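Report on one structure; see the data block that follows.
The values are calculated or read from the model by the stated rules, or taken from the named source; none is laboratory data. Owing to the predicted nature of the structure, the values given are computational and were not obtained by experimental measurement. Glycine gets a Cβ as well: all are built from the backbone with ideal geometry, and neighbour counts include every protein chain shown. Keep in mind that these areas ignore ligands, DNA and RNA; they rest on the heavy atoms of the full protein, side chains included. Shrake-Rupley method; radii C 1.70, N 1.55, O 1.52, S 1.80 Å.
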Amino acid sequence: MTITTPKLTFDQYLKYDDGTDTRYELVNGELIPMSLGSGQHGALAEFLNVCFRAEILRLRLDWTSKQMVIGIRSPLLADGIHQGFQM
């Protein structure tokens, strides 16, 4: 017997909360747990956020910049490369 789970839409994914600290990416409608980013990845994300905040302050904009993570994986092409990415 095969059990299938319904595929999530992007809107459902954005609202999804399983009550844990696990972060997921949406792959073809399915939730895939995300691995933790590397230290270098975190440092780069923080650097960009600091730059955004400085520019927002400099331009006196009524904006905010927050470091958040949303993971979306595009469908794989036949050669195994993600759509929209070049290597």
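Let me confirm something: among Asp62, Asp21, which residue is acidic (Asp, Glu) and modelled with pLDDT under 90? Full working, then the answer.
Values: Asp62 fails: modelled with pLDDT under 90.
Within the list Asp62, Asp21, the selection yields Asp21.
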Residues of the stretch 30-44 being open to solvent by 90 Å² or more (accessible area, probe 1.4 Å) and part of a loop (DSSP other than H, G, I, E, B), which ones? Ser35, Leu36
Residue satisfying condition, being of a type in the set (D, E, K, R) and touching a strand residue (DSSP E or B) at 6+ places or on another chain (Cβ under 6 Å), within set Glu25, Glu46: Glu25
In the stretch 46-61, how many are open to solvent by 80 Å² or more (accessible area, probe 1.4 Å) and over 23 Å from the mean Cα position of the chain (by Cα)? 4
